[in-house]
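The values are calculated or read from the model by the stated rules, or taken from the named source; none is laboratory data. Just so it is clear, the structure is predicted and the values come from calculations on it, not from any experiment. For neighbour counting, all protein chains shown are included, and Cβ atoms are generated from backbone atoms with ideal geometry for every residue, glycine included.
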Amino acid sequence: MHLEGGNGVGKTSLLRILCGLSALEQGAITWKNQSVAQNPDDFRLDVAYLGHQLALKEDLSPLENLRVSAAISGQQLPSAEALAALSQLGLRGREHLPVRVLSQGQKRRAALARLIISKAKFWILDEPFVALDLAAQQVLSGVLNTHLNNQGMVLLTSHQTVALQGDGRSYRLSA
Amino acid sequence: MSAFVAIVKRDLVLAFRRKNEVITSVFFFVVVAALFPLGIGPELNTLRLVAPGILWVGALLASMLSLGRMFATDYADGTLEQMALSPNSLSLLVGAKILAHWLLSGLPLVLLAPILGLQFDLSTNALWVLTLSLLLGTPVLSLIGAVGAALTLGVRGGDVLLSLLVLPLYVPALVFGAGAVQAEISGLGASAHLSVLAALVLVAAVFSPWASAASLRIALES
């Protein structure tokens, strides 16, 4: 699903509410026919969220960051898999550098590596294509398509057209 | 449980890559404890009398120095969001952060206290009680501080508010911690004070991660 809309109409707020970071004023969110408010743990196992903030520690390397975030999301992560994810995003040779010396685009790549290793079914991505060069955008599209082909779901916001396979739907949010 | 270990390890690694933050609070404790005997002069009786209070207040302020940063960096870079969305309970992850905070800003004080206590002419027994009271008391400081740090997260001028919020809650730990050493010096025995401190740790260990996690969720909502 592709969520569109101009600046400030509330795309990010909607995503934050959906993944449970912000509180809901009206209505209910259900996941697999169960209310998320009553049963947050099942939902959190299935959801991966990537927002504007990358959740990277500047003093840690991309590899260490990836390991920690895998542990936080309750996953086992073999080294080979972590290295493969980073090299898929073109961070090979930089996996041991501290994140603070990487460029903006490389930082985003390091954060996106989290998706490649993620076992979650439902990805909520806030502007995942920002600051990526063409090559990285293609890699990311490939990652998203692989996920969709594996019965995954993606909800993303983006200001550019995204070519995704499967039953892609586009929603436009207006103020 | 692996997430708990991973977060403790990560915070320790981060602290070792950015040593000045840890060193600041330890150095503060050492300087405060070293300046008082110089200021008071070689009055052994006076020194023995004020030692427990000074060492405990020093430890309390030193451990408070690093409280503001406990959740601030995780909040700023979005790690806290990821923790809140983790299938692991947020209280567990917060518990890991509290443990890491204690290992970095409480444990060094415990280890240094007997050496600094020598300047106040404390007896061997009193030094032991001092160390033991800090070993039981500094975790209380980290646990209570975590609730304060979580409540003031993202608030402008949060550091001042944090001290106002947390210092009154530190009073029981200070009273019984310093009291234990005083009781040992005056020959009454410190076991009663130490038992109360131990009880404080247990109560704080149960409630603090839970309360901190609830405040963090509120801070993340905005």
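What the table below lists for this structure:
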quantity: Residue under evaluation residue B:155, criteria (1) of a type outside the set (D, E, K, R); (2) surrounded by fewer than 19 Cβ atoms within 10 Å (Cβ to Cβ); (3) assigned to a helix (DSSP H, G or I), criterion not met; calculated: (3)
quantity: Residue check, residue A:24 part of a loop (DSSP other than H, G, I, E, B), within 21 Å of residue B:218 (Cβ to Cβ) and within 13 Å of chain B (Cβ to nearest Cβ); calculated: yes
quantity: Whichever residue in region A:136-168 is β-branched (Val, Ile, Thr) and either assigned to a strand (DSSP E or B) or without any contact (Cβ under 8 Å) to a residue 60 or more places away in the chain (or both) and, among such residues, is farthest from residue A:120 (Cα to Cα); calculated: A:161
quantity: Output for region B:178-190, where each listed residue is out of contact with any Leu (no Cβ under 6 Å at 6 or more places or on another chain) and either surrounded by 14 or more Cβ atoms within 10 Å (Cβ to Cβ) or at pLDDT 90 or above (or both); calculated: B:178, B:179, B:182, B:183, B:184, B:185, B:190
quantity: Residues (within 30 Å of residue A:74 (Cα to Cα) and touching a Leu at 6+ places or on another chain (Cβ under 6 Å)) located in region B:8-40; calculated: B:8, B:15, B:22
quantity: One residue from A:95, A:127 being more than 9 Å from chain B (Cβ to nearest Cβ), in contact with a Ser or Thr (Cβ under 7 Å, 6 or more places away or on another chain) and at positive phi; calculated: A:127
quantity: Filtered residues of region B:197-222 (kept if of a type in the set (Val, Ile, Thr) and over 17 Å from the mean Cα position of the chain (by Cα)); calculated: B:218
quantity: Candidates A:112, A:86 - the one that is under 16 Å from residue A:139 (Cβ atoms), under 19 Å from the mean Cα position of the chain (by Cα), surrounded by 17 or more Cβ atoms within 10 Å (Cβ to Cβ) and away from chain B (no Cβ under 14 Å); calculated: A:86
quantity: Which numbered condition residue B:166 fails, given (1) modelled with pLDDT of 90 or more; (2) closer than 30 Å to residue B:124 by Cβ; calculated: (2)
quantity: Of the criteria (1) within 18 Å of the chain's Cα centre (by Cα); (2) surrounded by 13 or more Cβ atoms within 10 Å (Cβ to Cβ); (3) in a loop (DSSP other than H, G, I, E, B); (4) facing another protein chain (nearest Cβ under 9 Å), which one residue A:16 fails; calculated: (3)
quantity: Number of the condition not met by residue A:71 [criteria: (1) touching a residue at least 40 places away in the same chain (Cβ under 8 Å); (2) hydrophobic (A, V, I, L, M, F, W, C); (3) in contact with a Ser or Thr (Cβ under 8 Å, 6 or more places away or on another chain)]; calculated: (1)
quantity: Where residue A:152 falls short, out of the listed (1) surrounded by 14 or more Cβ atoms within 10 Å (Cβ to Cβ); (2) under 27 Å from residue A:57 (Cβ atoms); (3) within 15 Å of the chain's Cα centre (by Cα); calculated: (2)
quantity: Residue in region B:95-114 that is of a type in the set (Gly, Ala, Ser) and assigned to a loop (DSSP other than H, G, I, E, B) present; calculated: yes
quantity: Subset tally (residues that are more than 7 Å from chain B (Cβ to nearest Cβ), under 29 Å from residue A:93 (Cβ atoms), crowded, with 16+ Cβ neighbours inside 10 Å and not acidic (Asp, Glu)) for region A:27-59; calculated: 2
quantity: Of the criteria (1) modelled with pLDDT under 85; (2) within 14 Å of another protein chain (Cβ to nearest Cβ); (3) loosely packed, with under 14 Cβ neighbours inside 10 Å, which one residue A:75 fails; calculated: (3)
